[in-house]
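Participant: Structure provided below as structure tokens; questions to follow.
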Amino acid sequence: MKAFWIIMTSLLLGTSAASALEKNIKMGKPTNEELTLTTFEDDPDAEAICLYHGTNVQFRITDEGFKADYFYKVRIKVLKPEGVDWGNAEVVYYKSAKSPHKENVVGVRGTSYNLEDGKVVKSKLNGDLKSDEMINNYYHRYKFSLPNVKVGTVLEYEYKIESDFYFQIRDWYAQMSIPVRYADFVITIPEFFQFGKLQTGAYSIQHKFTDTNFTVQDRTGRAVLNAVQEEYWAENMPKMVDEEYIHNINDYKSRIIYDLQMICFRGQPATKYNNSWHDVDKMLIEDEDFGGLFKMKNPMPEFGVYLKTGDLDPKKLEKNSGDIFIVDISKSESVKDKVNIMRNIMRKKLKWNGSYGIYGRNARQLAKEPTTNAASLNFALMAFLRDAGIEAVPVVLSRRSTGRLSTVHADINSLNAMVLQVKDGDKFFYVDAANEEYPVSVLPAEFLVENARIVSPDHFGWIDISKCCKANAMYFVDATLQEDGTLNGLLMRRQRGLTTGIYRKNYINKKDSLTYVENLASHLDCEITDYHVGKMTINTDAFTDSIYFTKQVDTDGESIYINPYLFVDLKSPFNSDTRELPIECDCLDGEKYTIKIKIPEGYTAENTPKPVSVRLEDGKTTCKIVTSVSDKEINVSISYPRDTMFFNANEFPNLRTFWSTIEDCCNTILVLKKQ
């Protein structure tokens, strides 16, 4: 795939036409033009427009050290009923009892302005419309709702975030999901901080840097230091609406990213931070909760679990806790089989708490608290594998839903997950110890990223794991059509690769068997008379099920009208006629359908669909549909392989045509006429 940032610059050309709406950054003074505005000429369909949003970041020194204060100001005009919800705002901030660093939201105030009988009516935000709630052990959500918001309202609000994370500046986004008339970002940086900056997105952000002063006041007195005021601004930014087949919309928004590179106080040596990814590698290796776990003892003996690799004498084992359990991998021929057995045994003792992360716990901590994050499970599995002579190393990454990892902007805080790379001869495969529903060499789609990083004492570097596993599905239908239009038969499905984990997870987590079958029948649009699932043992890498079904097709006594493409799920995933963003697929995949339908005696087909063969220009996505009819049965064969995961926005028209051709064919009605 082409470099991501090259794609970004060609994704959208230029900027939107200059708006006739005058810029206004003064809070508390909406203009008559803003109050009487009924539509935004640059985007007549917009539900609302952000007239202004501004962020000002200021550093200060307290007895506890440095702080970063964020001053936010927002003004929005509501244009349609769907835009009324912009009167409800929320601010997510960090606050955890487990960390000495925290954030606070203070100074929240806001006002709604409405024109009523030619007069401006103000409605101020009061305490009854504010609330603070905990999201999890790390984050809180501050919510507030402005009063009297309706179509025509100009609403504005401001608040401040007091942050201990002076070393981690929040990203600034110029774009929103509604058009933005004007936005600015100002940060004043004292002389002893050095930050790296990165601008992303397809739309232009202007900037200006000005020398200024920074005043320090403490018990010993007052000092004036050098500083730089850095200003960024953007005008007439188009809305950036989340679309299907986009992993994280923020990857495409115009934004400014800061990362701390160095702190250098007067008279003291400089302290360097994330200057490069090699610096990040070094930080991780030196961290006891990451690099320190490379030497972690296998935690399994703490639970009475021991390996048998061919030379182990169980009589020599000491009972540490519980009953002794021997994991015999001596007869397993492949590395994958051994890893599979060991992962499943380990997961009987260690549980996943649903969180990811890159830092883990050591063996002693796991023995005390066996429910832990995914990183701890992967480090534990790595130690377990090491005892079996299997080499595994961590791979750190940013999950798809949390944004793409930049190879040029080194930021340790953007790493939020890890998996294992396992050596198998001269090849490698990847394992996640947490998602046990997936086959051992298959990762969930969240982890299939282009930019992942191996971090070990002996090896560092970028790797692409986006294509390390595929999804393959095979469907076989054997049905009999009766003269009254009743269709009875068997649908057999076999999922392999990534979809194996998805199907297993859905089946294992089902509320009950009856509800599961009822939902399946609704999805397939048939009545299910019997249902069976194939064995799901630790050695199976596929999900199979058998569905005995009956359904009714149309008949008028002389002819039967049947769609022969039974249970074919190849509908177009796109509803819109145009698209501005690329298409990001979950994984490489392929589907095959084999359908056989016995027809009633004495009936012949009045029409037979012609073979269909379509392909995209790159040749990596094709679909072939062959339909044949005899006096005894209908046969359908469909093959759809897709060997690419990314389509540029300019490929969308061809992609729509591709799917429309397939969908038109699969909607064909075959007429069987009685002779």
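The values are calculated or read from the model by the stated rules, or taken from the named source; none is laboratory data. Quick caveat, the model's predicted, so the values are computed rather than measured. Neighbour counts are summed over all protein chains in view; Cβ atoms, including those assigned to glycine, are modelled from backbone coordinates with ideal geometry. Areas reflect the complete protein model, heavy atoms only, side chains present, ligands, DNA and RNA absent. Shrake-Rupley method; radii C 1.70, N 1.55, O 1.52, S 1.80 Å.
Participant: Considering only the range 592-601, I want to know if a residue exists there that is more than 24 Å from T550 (Cβ to Cβ), out of contact with any Lys or Arg (no Cβ under 8 Å at 6 or more places or on another chain) and modelled with pLDDT under 95. Walk me through it before giving the result.
Facilitator: Kept after step one, since they are more than 24 Å from T550 (Cβ to Cβ), are these residues of the range 592-601: 592.
Right, trim to out of contact with any Lys or Arg (no Cβ under 8 Å at 6 or more places or on another chain) and you get 592.
After this cut, where a residue has to be modelled with pLDDT under 95 as well, the list is none.
There is no residue in the range 592-601 that is more than 24 Å from T550 (Cβ to Cβ), out of contact with any Lys or Arg (no Cβ under 8 Å at 6 or more places or on another chain) and modelled with pLDDT under 95.
Participant: L11: open to solvent by less than 70 Å² (accessible area, probe 1.4 Å), among the hydrophobic types (A, V, I, L, M, F, W, C), more than 30 Å from G221 (Cβ to Cβ) and modelled with pLDDT under 95, yes or no?
Facilitator: On the way: open to solvent by less than 70 Å² (accessible area, probe 1.4 Å): yes; among the hydrophobic types (A, V, I, L, M, F, W, C): yes; more than 30 Å from G221 (Cβ to Cβ): yes; modelled with pLDDT under 95: yes.
Judged against the criteria, L11 is a match.
Participant: Would you point out the residue of the range 178-204, among those that are under 25 Å from Y139 (Cβ atoms) and at pLDDT below 95, that is surrounded by the fewest Cβ atoms within 10 Å (Cβ to Cβ)?
Facilitator: So, considering only residues that are under 25 Å from Y139 (Cβ atoms) and at pLDDT below 95, the one surrounded by the fewest Cβ atoms within 10 Å (Cβ to Cβ) is L198.
Participant: What about T62, is it surrounded by fewer than 16 Cβ atoms within 10 Å (Cβ to Cβ), farther than 30 Å from T644 by Cβ, modelled with pLDDT of 90 or more and β-branched (V, I, T)? Explain how you work it out, then say what you get.
Facilitator: On the way: surrounded by fewer than 16 Cβ atoms within 10 Å (Cβ to Cβ): yes; farther than 30 Å from T644 by Cβ: yes; modelled with pLDDT of 90 or more: no; β-branched (V, I, T): yes.
Criteria not met by T62.
Participant: Moving on. Can you tell me which of (1) assigned to a helix (DSSP H, G or I); (2) open to solvent by 90 Å² or more (accessible area, probe 1.4 Å) is the one K511 doesn't meet?
Facilitator: (1)
Participant: While we're looking at this one, here's another question. List, please: which pairs have Cβ atoms under 6 Å, are six or more places apart or on different chains, and start with a residue in the range 55-78 that is more than 14 Å from G107 (Cβ to Cβ) and end with one that is part of a strand (DSSP E or B) and open to solvent by 60 Å² or more (accessible area, probe 1.4 Å)?
Facilitator: Note: pairs meeting the criteria are K67/R60.
Participant: Residue check, D289 against (1) at pLDDT 90 or above; (2) loosely packed, with under 14 Cβ neighbours inside 10 Å; (3) touching a Phe, Trp or Tyr at 6+ places or on another chain (Cβ under 7 Å); (4) part of a loop (DSSP other than H, G, I, E, B), all met but one. Which one?
Facilitator: Condition not satisfied by D289: (2).
Participant: Follow-up. Scan the range 142-156 residue by residue and report those that are within 23 Å of K102 (Cβ to Cβ) and open to solvent by 30 Å² or more (accessible area, probe 1.4 Å).
Facilitator: Here is the first cut: in the range 142-156, the ones within 23 Å of K102 (Cβ to Cβ) are 142-144.
Result: Y142, K143.
Participant: Search the range 15-30 for residues being open to solvent by less than 50 Å² (accessible area, probe 1.4 Å) and over 15 Å from V74 (Cβ atoms), and hand back the single one that is modelled with the highest pLDDT. If you could, list the steps in order and put the result at the bottom.
Facilitator: From the range 15-30, those open to solvent by less than 50 Å² (accessible area, probe 1.4 Å) are 16, 19, 21, 24, 27-28, 30; that's our starting set.
Subsequent filtering for residues that are over 15 Å from V74 (Cβ atoms) retains 16, 19, 21.
Values: S16: 38, S19: 52, L21: 82.
Only one residue fits best here, namely L21.
Participant: Counting residues that are farther than 22 Å from N126 by Cα, which strands (runs of 3 or more DSSP E) fully inside the range 39-100 reach at least 3? Write out each step before concluding.
Facilitator: Working: elements: 48-62, 65-78, 88-94.
Qualifying strands (runs of 3 or more DSSP E): 48-62, 65-78.
Participant: Would you check which residues across the range 105-125 are out of contact with any Ser or Thr (no Cβ under 8 Å at 6 or more places or on another chain) and either surrounded by 12 or more Cβ atoms within 10 Å (Cβ to Cβ) or at pLDDT 95 or above (or both) and list them?
Facilitator: Step one: list which residues in the range 105-125 are out of contact with any Ser or Thr (no Cβ under 8 Å at 6 or more places or on another chain), which gives 105-110, 116-121.
Of everything in the range 105-125, those that are out of contact with any Ser or Thr (no Cβ under 8 Å at 6 or more places or on another chain) and either surrounded by 12 or more Cβ atoms within 10 Å (Cβ to Cβ) or at pLDDT 95 or above (or both) turn out to be V105, V106, G107, V108, R109, G110, V120, V121.
Participant: Now a separate question. Of all residues in the range 479-508, which are open to solvent by less than 40 Å² (accessible area, probe 1.4 Å) and among the hydroxyl-bearing types (S, T, Y)? Lay out the reasoning, then the answer.
Facilitator: Within the range 479-508, the subset open to solvent by less than 40 Å² (accessible area, probe 1.4 Å) is 479, 481, 485-487, 489-491, 493, 495, 497-501, 504.
Correct list: T486, T499, T500.
Participant: Can you tell me which residue within the range 550-575, out of those that are part of a strand (DSSP E or B) and among the aliphatic types (A, V, I, L, M), is farthest from S522 (Cα to Cα)?
Facilitator: Keep residues of the range 550-575 that are part of a strand (DSSP E or B), which gives 550-552, 554-555, 559-562.
Pick out the ones that are also among the aliphatic types (A, V, I, L, M) and you get 560, 562.
Details: I560: 23, I562: 19 Å.
The selected residue is I560.
Participant: Ok, one more. One residue is enough: does the range 60-68 have a residue meeting the conditions within 29 Å of V241 (Cα to Cα) and of a type in the set (K, R)?
Facilitator: Kept after step one, since they are within 29 Å of V241 (Cα to Cα), are these residues of the range 60-68: none.
Taking every residue of the range 60-68 in turn, none turns out to be within 29 Å of V241 (Cα to Cα) and of a type in the set (K, R).
Participant: Same structure again: Working only within the range 625-647, note down all residues that are surrounded by fewer than 16 Cβ atoms within 10 Å (Cβ to Cβ), closer than 30 Å to K467 by Cα and charged (D, E, K, R).
Facilitator: The answer is D643, and nothing else.
Participant: Ok, one more. Among residues belonging to the range 299-309 that are buried (at least 21 other Cβ atoms within 10 Å of the Cβ) and within 12 Å of L385 (Cβ to Cβ), point out the one that is farthest from the chain's Cα centre (by Cα).
Facilitator: Selected residue: L307.
Participant: Condition first: over 36 Å from the mean Cα position of the chain (by Cα), within 12 Å of I76 (Cβ to Cβ) and open to solvent by less than 30 Å² (accessible area, probe 1.4 Å). Now tell me which residues in the range 31-47 satisfy that.
Facilitator: Correct list: E34 only.
Participant: Among the residues of the range 451-470, are any without any contact (Cβ under 8 Å) to a residue 60 or more places away in the chain and open to solvent by less than 10 Å² (accessible area, probe 1.4 Å)?
Facilitator: For the range 451-470, residues without any contact (Cβ under 8 Å) to a residue 60 or more places away in the chain and open to solvent by less than 10 Å² (accessible area, probe 1.4 Å): present.
Participant: To continue, here is another question. Can you find, within the range 576-601, the residue that is nearest to S637 (Cα to Cα) among those that are open to solvent by less than 40 Å² (accessible area, probe 1.4 Å) and part of a loop (DSSP other than H, G, I, E, B)?
Facilitator: I599
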